[in-house]
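Every number here is computed from the coordinates shown, using simple stated rules; none is lab data. Fair warning: this is a prediction, and the values are worked out from it, not measured in the lab. Counting neighbours? That spans all protein chains shown, and the Cβs are built from the backbone with ideal geometry, glycine included.
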Amino acid sequence: MIITFTDGSPASHSRRTTIETDPRVIHDLEKRFPLSKDYADAIFLARYYYTHRQYAKARYWAMQANGVDPSRPQSWIVFAKALVHEGKRVEALKALQAYYDKTGDATIKRLIDTIRKGKRVD
């Protein structure tokens, strides 16, 4: 199985990341996370589930990543995009706005604008 994702920035087309994985890797990451509390593992799982349209699991793992390091925008992005796909635009905007108010992150601002305009998020 191959996963491809971007960081959401305009230049992300040139910064795509492709990861080859199988279900055993996912299971192992989920199993070891309670001990490792590794941000990279949690955000990987969030992106994995997001790309597989398992939005509740994507949100869960995005929140786990956020719990490890709330200063990184990737977990906020996956969390909000999953909410949008679940039809929860207002919740997504509230979460992103809270992060944006603290950081002024330009990528977050672009995502807020995209969601407000009703454009598709991927």
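Pairs please, first residue from the stretch 68-80 and crowded, with 20+ Cβ neighbours inside 10 Å, second anywhere and aromatic (F, W, Y), Cβ atoms under 6 Å, 6+ apart in sequence or on different chains.
Final answer for the pair search is W76/Y99; V78/Y50.
If you go through the stretch 105-122, how many residues are over 19 Å from Y50 (Cα atoms) and either within 15 Å of the chain's Cα centre (by Cα) or charged (D, E, K, R) (or both)?
Within the stretch 105-122, residues that are over 19 Å from Y50 (Cα atoms) and either within 15 Å of the chain's Cα centre (by Cα) or charged (D, E, K, R) (or both) number 6.
Restricting the search to the stretch 86-104, which residues are touching a residue at least 24 places away in the same chain (Cβ under 8 Å), surrounded by fewer than 18 Cβ atoms within 10 Å (Cβ to Cβ) and either over 14 Å from Y50 (Cβ atoms) or within 12 Å of the chain's Cα centre (by Cα) (or both)?
Looking only at the stretch 86-104, we keep the residues that are touching a residue at least 24 places away in the same chain (Cβ under 8 Å), and these are 86, 89, 99, 103.
Cutting the leftovers down to surrounded by fewer than 18 Cβ atoms within 10 Å (Cβ to Cβ) gives us 86, 89, 103.
Matches in the stretch 86-104: R89, T103.
How many residues does the stretch 38-66 hold that are exposed (fewer than 14 other Cβ atoms within 10 Å of the Cβ) and in contact (Cβ under 8 Å) with a residue 12 or more places away in the chain? Before the answer, list the steps.
Just the residues of the stretch 38-66 that are exposed (fewer than 14 other Cβ atoms within 10 Å of the Cβ), to begin with: 40, 52-53, 56.
Filter once more, so that each one left must be in contact (Cβ under 8 Å) with a residue 12 or more places away in the chain: 53, 56.
Total satisfying the criteria: 2.
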